[in-house]
Amino acid sequence: MSPIAPFPMSRPRRLRRTPGLRAMVAETALSADNLIWPVFVTEVAGADIEIPSMPGVTRFTVDSVKAAAERAARLGIPAICVFPHSDQEGKTDSCERAWDPDNIGNRAIRAIKEAVPDLMVMTDIALDPYNANGHDGLVRDGEIVNDETVECLVRMGLAQAEAGADILGPSDMMDGRIGALRAALEQNGHSNVAIMSYAAKYASGFYGPFRDAVGAGARLVGDKKTYQIDPANRDEAMRCVARDLAEGADMVMVKPGMPYLDICRMVRDRFAAPTFAYQVSGEYAMLEGAIRQGWLSRDVVVEGLLAFRRAGCDGILSYFAPDVAEALATTAGRG
Ligand SMILES: NCc1[nH]cc(CCC(=O)O)c1CC(=O)O
């Protein structure tokens, strides 16, 4: 870094004086291009009812998600990410609904691609929405088994690619799933389908509201600490990112977001690969809850998302995506 002239030659406030000057020297920017909007799609009645722990967020139906997709496209959001909320019959110990071409997730992918072909559709690959016990993998005698789960995940991912998904998001944290999925995509005519690996995914309490949203929370037996990363670790996350890139991930993700910005920065600096963060349900709940209480102003939403850009992220999955894109569109061009 070059030396800084002493005061009064140097006065950092000179460049903070007007909106124009501040814009000229802004080091990072947030735009709709940086956002991915996660949405919940349900086949259970009561789609429009707010998720209690996520005020302002509702589940869509296969029909109403089309309007959401149109809204995303209109606002310049490049991608929407589909999270399925299955009916009770769809949740079994063998999880076979997960790779059913007509499951709720795959029906939603087809509906969105039909309605708005240019909008990218991202998916989630993990068994939890279709698992009787809420885990991301198959459970045998209390153990979440790895290799058998990977076979299921590959089937699930192929069905999503068949339905028209552009980006697959394995969020399960099983070992070896990226390589297996990439090989299967290549062998089955889906070489253009991208993988965004949930590479640095931590065993976090911040996923609580999401598990309510997909109906996995009350069912979850135990916790996910045998497959998701310990929040105490950084080096382990770097090894997981290195491995997933080596196995063929096109993009990597850090999750949760705001409490893990150090990890985002490390991934960006070390791997120089497309890096994303997931501002998860609990982060949304904290911010939206405090805003609704009047304890924080809504400005914290953009400030929080800008922090991801500063930490080196190319993009952010955020439940705030459409509101922020709307706000950015109305303030654009104003000094
Ligand atoms: N495996 C599924 C999955 N995919 C995304 C989230 C969390 C997203 C959020 O909290 O917003 C989870 C939950 C979990 O791992 O328990």
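The values are calculated or read from the model by the stated rules, or taken from the named source; none is laboratory data. Source: prediction; values computed, not measured. Virtual Cβ from ideal backbone geometry, glycine too; neighbours counted across all protein chains shown. The area values use the complete protein model at the heavy-atom level, side chains included, leaving out ligands, DNA and RNA. Shrake-Rupley method; radii C 1.70, N 1.55, O 1.52, S 1.80 Å.
Take the solvent-accessible surface of the protein heavy atoms, probe 1.4 Å, and return the percent of it on the range 1-46 that carbon and sulfur atoms account for. Mind showing how you got there, number by number?
Values: 2090 of 3410 Å².
Solvent-exposed carbon and sulfur of the range 1-46 make up 61 percent of the total.
Less than 23 Å apart at the alpha-carbon level, and either on another chain or at least 8 residues along: which lysines does that give for Lys66?
Lys66 reaches Lys113.
So how far apart, in nm, are the two label points at Glu151 and Ala246 if each is 7 Å from Cα heading toward Cβ?
2.6 nm
Apply 1/(1 + (r/R0)^6) to the Cβ-Cβ distance of Ala232 and Asp48, taking R0 = 41 Å, and write down the FRET efficiency to the nearest 0.05. Walk me through the numbers before you get to the answer.
Numbers: r = 40 Å, r/R0 = 0.99.
Calculated transfer efficiency: 0.50.
Evaluate the distance, in nm, between pseudo-label points positioned 7 Å from the Cα of Val221 and of Glu114 along their respective Cα→Cβ axes.
3.8 nm
Mind giving me the nanometre distance, one decimal, between the label points for Thr331 and Arg298, set 7 Å out from Cα along Cα→Cβ?
1.1 nm
Using only Cα atoms and rounding to the nearest 10 degrees, what angle (0 to 90) does helix 146-163 make with the longest principal axis of the chain?
So the helix axis and the longest Cα principal axis differ by about 80 degrees.
At 1.4 Å probe size, with every protein chain present, just tell me what the per residue accessible area of the chain comes to in Å². Could you put the intermediate results ahead of the total?
Values: 15120 Å² over 335 residues.
Accessible surface, normalised per residue, equals 45 Å².
Under a 10 Å cutoff between Cα atoms, tell me which one of Ile49, Ile125, Ile178 has the largest fluctuation in the Gaussian network model of the chain.
Ile49
Run the helix sum for the chain: -39,500 (n - 2.57) per DSSP H stretch of 4+ residues, divided by residue count, reported at 222 nm to the nearest 500 deg cm²/dmol. Write out the running numbers ahead of the final one.
Values: 11 runs with 123 residues, N = 335.
Here the helix-only value at 222 nm equals -11000 deg cm²/dmol.
Counting pairs of alpha carbon atoms under 8 Å apart in space and at least six apart in sequence, what relative contact order in percent does the chain give? Mind dumping the intermediate values first?
Working: 635 pairs, mean separation 61.8, N = 335.
Relative contact order for the chain comes out at 18 percent.
Give me the angle, in degrees from 0 to 90, between the Cα long axis of helix 235-246 and the longest principal axis of the Cα atoms of the chain, rounded to the nearest 10.
70 degrees
Determine the gain in length on full extension of the stretch Ala272-Arg17; use 0.36 nm per residue of separation and subtract their C-alpha separation, reporting nm with one decimal. Write down the numbers at each step before the final one.
Details: separation 255, 0.36 × 255 = 91.80 nm, distance 3.44 nm.
Taking Ala272 through Arg17 to full extension adds about 88.4 nm, to one decimal.
Where q = 0.12, 0.18 Å⁻¹, what log10 of I(q)/I(0) comes from the Debye formula for the range 222-300, counting one point per Cα?
Log10 of I(q)/I(0), two decimals: -0.44, -0.81.
Only Lys, Arg, Asp and Glu count, each charged at its Cβ (+1, +1, -1, -1), so figure out the dipole size of the range 30-331 about its Cα centre, rounded to 20 debye.
Details: 29 positive and 44 negative charges, 136 e Å.
Computed charge dipole of the range 30-331: roughly 660 debye.
Taking Lys225 as the anchor, which lysines have their alpha carbon closer than 19 Å to its alpha carbon, excluding any fewer than eight residues away along the same chain?
Lys201, Lys255
Which cross-chain or sequence-distant (5 or more) residues have an amide H under 5 Å from the amide H of Asp124, H modelled 1.01 Å from N in plane?
Those lying under 5 Å, H to H, from Asp124 are Val82, Gly169.
Quantify, in whole percent, the carbon and sulfur part of the accessible surface of the range 61-108 (1.4 Å probe; protein heavy atoms only). Mind dumping the intermediate values first?
Details: 970 of 1940 Å².
The value for the range 61-108 is 50 percent carbon and sulfur by accessible area.
What do you reckon, how do Met120, Met1 stack up by accessible area (1.4 Å probe), largest on top? Let's see the in-between values first.
Values: Met120 70, Met1 225 Å².
So the residues, ranked largest to smallest area, are Met1, Met120.
Determine the order of Met258, Met173 by accessible area, beginning with the largest, at a probe radius of 1.4 Å. Could you put the intermediate results ahead of the total?
Values: Met258 80, Met173 15 Å².
Largest accessible area first, the list is Met258, Met173.
Go ahead and run the numbers for FRET between Ala67 and Gln88, Cβ-Cβ distance against an R0 of 30 Å, rounding to 0.05.
Numbers: r = 27 Å, r/R0 = 0.89.
So, using R0 = 30 Å, E works out to roughly 0.65.
Looking at the range 30-331, send over the antiparallel percent of its DSSP beta bridges, to the nearest 5. Before the final figure, lay out each step's value.
Values: 4 of 36 bridges.
So the antiparallel bridges amount to about 10 percent of the total.
What residues have an amide H closer than 5 Å to that of Leu317, excluding those fewer than 5 places away on the same chain, when H is modeled at 1.01 Å from N in the peptide plane?
Distant-sequence amide H within range of Leu317: Ile36, Ala277, Tyr278, Gln279.
Grab every C-alpha pair in the range 30-331, bin the distances at 10 angstrom width from 0 up to the longest one, and report whole percents.
Taking every Cα pair in the range 30-331, the percentages come to 6, 29, 40, 21, 3, 0.
If R₀ is 41 angstrom, what is the calculated FRET efficiency for the pair Glu143 and Asp262, using the beta carbon separation as r and rounding to 0.05?
Details: r = 32 Å, r/R0 = 0.77.
Calculated value: 0.80.
Could you work out how far helix 321-331 tilts from the main Cα principal axis of the chain, as a 0 to 90 degree angle to the nearest 10?
So the helix axis and the longest Cα principal axis differ by about 30 degrees.
Over what distance in Å are the Cα centres of the range 283-335 and the range 21-56 separated?
Here the two parts' Cα centres lie 8 Å apart.
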